[in-house]
Amino acid sequence: MLKQTMILFALLCMYTAEAQDNTYPIIPKPQSVKADAGYFVLDSKTVLEAANPAAYKSLELFGQMVEQRYRIKLTTAIKTGVKHIIIESSNDTVENEAYHLEVNPKEIKIKGGPAGSFYALQSLFQLIRQQEDELIIPSCTIEDRPAFTYRGLMIDAARHYFSLEEMKKIIDVMALFKLNRLHWHLTDDQGWRLEIKKYPKLTQIAAWRDSSIIGRYNDFSPFLYDGRKQGGFYTREEARNLVTYAAERKITVIPEIELPGHSTAVLAAYPEFGCKDTAYRVPGYWGVHASILAPKEKTFRFLEDVLTEVMEIFPSEYIHIGGDEVPKVQWQESEDIQRFIRTKKLKDEHELQSYFVTRIEKFLNRHGRKIIGWDEILEGGLAPNATVMSWRGENGGIAAARLGHDVIMTPENCLYTDYYQSKDTDNEPSAIGGFLPLDQVYNYHPVPELLTTTERKHILGVQANMWTEYVDNNNKLEYMLFPRVLALSEIAWTCRTIQNYDDFFISRLPAQLKNIEAIGVFFRIPEARVKFSIHPGTGRKTAEIISSVAGSTVYYTVDNHIASQTSALYTGPVLLPFAGKREKPVMLRYVIVTPEGRMSNEYSIVYNK
Ligand code: ACM
């Protein structure tokens, strides 16, 4: 027992020692990093060489990243003999996403398959740092591989349309942090975003709404509308362009076409696929809408036609078919649909939903594709080959894994990036609700203890979901995503036994936030880590403020007045005020100003002995 405790203590000590070290600030944390002496100097004479053309594209992209970030141009070549950074192999003899990276003062060597060598270059990019006038990369040997094969991010482009450029920017950041699935939510009640040649009204009508509500859902009753027409769609060419852009960065784009619910926009264009003989409008308010698709032969023909075009654009093995939040009232009220239920010998509307999804699954399976659906597709019976995306907690995922189905975990309480990032919601941009701080994302582990070893193999990975009802511009999108997506990347890639939030937050996050800010990402500046202690000389309380962004400045007050750039500049631990013998709580208020000059919200922390 004593021995065990000592080993545990020794391990803990190793962690602490490591946690102080920010020489290798890679996110997600690699499997192993062996520090070596010296460093490689990166300059415009550095030649990037690949042993074969497959790896060459990754080198070119690395060269572009370095140029954008540091304004130096590197030379890329296939087999010149002058090699400074070289990808030595790009074959299938190594595990696909794994890589080996060696940095020494003379050269940098990478071994890995196509994805692995791409990831080695992302790690390398994160290691670059400025030392006086030079760009240096500290010597090391890294062995790395992912914990999960599915490392995803969902972007809802239906509630608000985001330009192709913005989607590419998100892909750039995903790639930098080794995420590999972009789940593109393309259709919903409030908008249809993909050009479908056979059904032009989807982009003429369903892609646009006349108006949207302002404020949060319950802010105004009745709703207040902005009176602005908005929407948009991606042409087939644009969508293909994004697929290629993502593939070059080792990301698969998984399109989502919602059915049978979240379909009001479809019905505004093609009311004949609905349950009611009525006209529909693309709504400008959020929530779960009652208008759903009817199980008519012509509806299935429509969906198959749409999915045929979707498959022409997206090579992804998976197609997401939605399946969430389907109110059954319109099916209950329709005589035709009730007759359909009896004819097909279905028990109820839940079995009808299962019939609906299974029929679409069969169609997609016939074309060599697989479906993913939200966990509601378990209700009424799971389609035989479906993968389940568990969002209402983990129960859906657990049930699916026990039935032998594959699962992607995305529980809303840990992975929904539309939730607030602070409890002080008045100090934050409007959001749907909830509270999801960075450490809560980080501390999520996607494999439930309840599952057996065999069942656990069905957990393919994790995904964060960015719903955009309240996100109507690029800055806000990036603010909600980052840095939470960096925590996601670590739980998706890094083996759980070496995850450590303090190490992530203190030793690695600051450097990477500085990096992504330099490439124009508008992340939320997280609260600093504040450590209180006793000053050894005076016995007074001190507060150390550790900023979350490297190279930033901090301004603070301890007199209960607002902190701003007119307040005291933080230069080292602050001696807190005192009031004679009687202790009083002290409020430390501060702002962080990043290297690019962005100021955080004002944050505060009370020291109350
Ligand atoms: C969902 O959040 N409705 C999947």
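Scan segment 453-466 for residues that are within 17 Å of residue 148 (Cα to Cα) and within 13 Å of the ligand (Cβ to nearest atom) and jot them down. Break it down stepwise before answering.
Taking segment 453-466 first, the residues within 17 Å of residue 148 (Cα to Cα) are 453-464.
Of everything in segment 453-466, those that are within 17 Å of residue 148 (Cα to Cα) and within 13 Å of the ligand (Cβ to nearest atom) turn out to be 463, 464.
Rundown of residues vs (1) modelled with pLDDT of 95 or more; (2) open to solvent by 40 Å² or more (accessible area, probe 1.4 Å); (3) within 16 Å of the ligand (Cβ to nearest atom); (4) part of a loop (DSSP other than H, G, I, E, B), yes/no style:
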site: 347; (1), (2), (3), (4): yes, yes, no, yes
site: 356; (1), (2), (3), (4): yes, no, no, no
site: 360; (1), (2), (3), (4): yes, no, no, no
site: 376; (1), (2), (3), (4): yes, no, yes, no
site: 381; (1), (2), (3), (4): yes, no, no, yes
site: 385; (1), (2), (3), (4): yes, yes, no, yes
site: 401; (1), (2), (3), (4): yes, no, no, no
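Residue selection: residue 29 satisfies the criterion of being outside any strand (DSSP E or B) and modelled with pLDDT of 95 or more. Of all the residues in segment 223-241, those that are of a type in the set (D, E, K, R), part of a loop (DSSP other than H, G, I, E, B) and touching a helix residue (DSSP H, G or I) at 6+ places or on another chain (Cβ under 6 Å) number 0.
I need the full set of residues from segment 243-272 which are open to solvent by 10 Å² or more (accessible area, probe 1.4 Å), without any contact (Cβ under 8 Å) to a residue 40 or more places away in the chain and under 22 Å from residue 200 (Cα atoms), in order please. Correct list: 271, 272.
Among the conditions (1) away from the ligand (no atom under 16 Å from the Cβ); (2) farther than 26 Å from residue 170 by Cβ; (3) crowded, with 20+ Cβ neighbours inside 10 Å, the only one that residue 450 does not satisfy is (3).
Does residue 334 satisfy being farther than 30 Å from residue 453 by Cα, free of Cβ contacts under 8 Å to residues at least 60 places away in the same chain, more than 16 Å from the ligand (Cβ to nearest atom) and of a type in the set (Ser, Thr, Tyr)?
Working: farther than 30 Å from residue 453 by Cα: yes; free of Cβ contacts under 8 Å to residues at least 60 places away in the same chain: yes; more than 16 Å from the ligand (Cβ to nearest atom): yes; of a type in the set (Ser, Thr, Tyr): yes.
Answer is yes for this residue.
In segment 370-395, the residues that are at positive phi reach residues that are at pLDDT 95 or above and within 14 Å of the ligand (Cβ to nearest atom) with C-beta atoms within less than 9 angstrom, at least six apart or across chains, in these pairs: 393/375; 393/411; 393/412; 393/413.
Every listed requirement among (1) of a type outside the set (A, V, I, L, M); (2) open to solvent by 20 Å² or more (accessible area, probe 1.4 Å); (3) part of a helix (DSSP H, G or I) is met by residue 299 save one, (2).
Residue-wise test of (1) of a type in the set (Lys, Arg); (2) at pLDDT below 95.
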| position | (1), (2) |
| --- | --- |
| 521 | no, no |
| 526 | no, no |
| 541 | yes, yes |
| 564 | no, no |
| 568 | no, no |
| 571 | no, no |
| 576 | no, yes |
| 587 | no, yes |
| 597 | no, no |
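So which residues in segment 438-464 are part of a strand (DSSP E or B) and over 20 Å from residue 526 (Cα atoms)? Steps first, please.
Let us first name the residues in segment 438-464 that are part of a strand (DSSP E or B), namely 459-464.
459, 460, 461, 462, 463, listed by residue number.
Only one residue in 165, 143 is of a type in the set (Asp, Glu) and without any contact (Cβ under 8 Å) to a residue 12 or more places away in the chain. Which one?
Values: 143 fails: without any contact (Cβ under 8 Å) to a residue 12 or more places away in the chain.
Only one candidate passes the filter, namely 165.
Can you tell me which residues in segment 412-437 are more than 16 Å from the ligand (Cβ to nearest atom) and either in a helix (DSSP H, G or I) or acidic (Asp, Glu) (or both)? Those that are more than 16 Å from the ligand (Cβ to nearest atom) and either in a helix (DSSP H, G or I) or acidic (Asp, Glu) (or both): 424, 425, 426, 427, 428. In the condition set (1) more than 16 Å from the ligand (Cβ to nearest atom); (2) in contact with a His (Cβ under 8 Å, 6 or more places away or on another chain); (3) under 16 Å from residue 153 (Cβ atoms), residue 472 is compliant with all but (3).
The numbered conditions (1) surrounded by fewer than 22 Cβ atoms within 10 Å (Cβ to Cβ); (2) in contact with a Phe, Trp or Tyr (Cβ under 6 Å, 6 or more places away or on another chain) are all true for residue 113 except (2).
Looking only at segment 34-49, which residues are without any contact (Cβ under 8 Å) to a residue 40 or more places away in the chain, among the β-branched types (Val, Ile, Thr) and in a strand (DSSP E or B)?
Initial filter on segment 34-49 (without any contact (Cβ under 8 Å) to a residue 40 or more places away in the chain): 44-49.
Checking the rest, the ones that are also among the β-branched types (Val, Ile, Thr) come to 46-47.
Hit for segment 34-49 is 47, nothing else.
I'd like to know if segment 407-416 contains one or more residues that are under 20 Å from the mean Cα position of the chain (by Cα) and open to solvent by 30 Å² or more (accessible area, probe 1.4 Å). Among the residues of segment 407-416, at least one is under 20 Å from the mean Cα position of the chain (by Cα) and open to solvent by 30 Å² or more (accessible area, probe 1.4 Å), which makes the answer yes.
Does any residue of segment 486-493 turn out to be open to solvent by 30 Å² or more (accessible area, probe 1.4 Å) and not polar (S, T, N, Q)? Spell out the reasoning first.
First, the residues of segment 486-493 that are open to solvent by 30 Å² or more (accessible area, probe 1.4 Å): none.
Among the residues of segment 486-493, not one is open to solvent by 30 Å² or more (accessible area, probe 1.4 Å) and not polar (S, T, N, Q), which makes the answer no.
Regarding residue 511, is this residue over 26 Å from residue 390 (Cα atoms) and surrounded by 23 or more Cβ atoms within 10 Å (Cβ to Cβ)? It is false that residue 511 is over 26 Å from residue 390 (Cα atoms) and surrounded by 23 or more Cβ atoms within 10 Å (Cβ to Cβ).
The values are calculated or read from the model by the stated rules, or taken from the named source; none is laboratory data. All values reported here derive from a predicted model rather than from experimental measurement. Cβ sites come from the backbone with ideal geometry, for glycine too, and all protein chains shown count toward neighbours. SASA here: full protein model, heavy atoms, side chains in, ligands and nucleic acids out. Shrake-Rupley method; radii C 1.70, N 1.55, O 1.52, S 1.80 Å.
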